[in-house]
1. Using all alpha carbons of region 20-88, what is the percent of pairwise distances in each 5 Å bin, ordered from the shortest bin to the longest?
2. Quick one: 3J(HN,Hα) in Hz for region 73-89, Karplus 6.51/-1.76/1.60 with θ = phi - 60°, rounded, Gly and Pro as x.
3. With each pseudo-label sitting 7 Å past Cα toward Cβ, what's the residue 58-residue 28 distance in nm, one decimal?
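A short reminder: the numbers here are calculations on the coordinates, not readings from a lab. The shown structure was predicted, so the numbers you read here are calculated from the model rather than taken from an experiment. Note that each Cβ is placed from the backbone with ideal geometry, even for glycine, and that neighbours are counted across all protein chains shown.
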Amino acid sequence: MCGDHGVDGHLPKEKVNHPDHYNQVTGIECIDVVENFGFNLGNAMKYIWRSDHKDDPVEDLNKAAWYIQREIVLIQRRRRAAINQETAA
C-alpha cells in the first residue's frame with residue numbers, strides 16, 4: 001500500500017473533488033450550479049442538493065433554511081437602506 005490507497009488497496013471514494021453527494025444528476029455537478037448564485041443562496045442550494053444523500057436530511061434542510069433566512073434579512077436591509085437614501089435626498 002502506498003499513496004492514497006486505502007486499507008483494502010483500493011483508492012478511497014472521492015471526498016473533495018466530485019463527491020457522490022454532489023453528483024446525483026447525470027452530467028450536472030452541484031458546484032456548477034451554485035457558482036451562479038450569491039454566497040447565501042449558493043450555500044442553501046448546496047444543502048438542498050445533497051440533503052437526501054447525507055445521514056440527516058433534516059439537518060441539511062435546516063442549514064439551507066438558515067442561509068435562505070439570512071439572504072432575506074440582507075435583501076430587507078438593502079431595501080430599507082435604499083428607501084432611507086431616497087427620503088434623505
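1. 3, 18, 19, 19, 15, 8, 7, 5, 3, 2, 0
2. Once rounded to whole Hz, the list reads 4, 4, 4, 4, 4, 4, 4, 5, 5, 5, 5, 5, 5, 5, 6, 7, 7.
3. Reported label-point gap for residue 58 and residue 28 is 2.8 nm.
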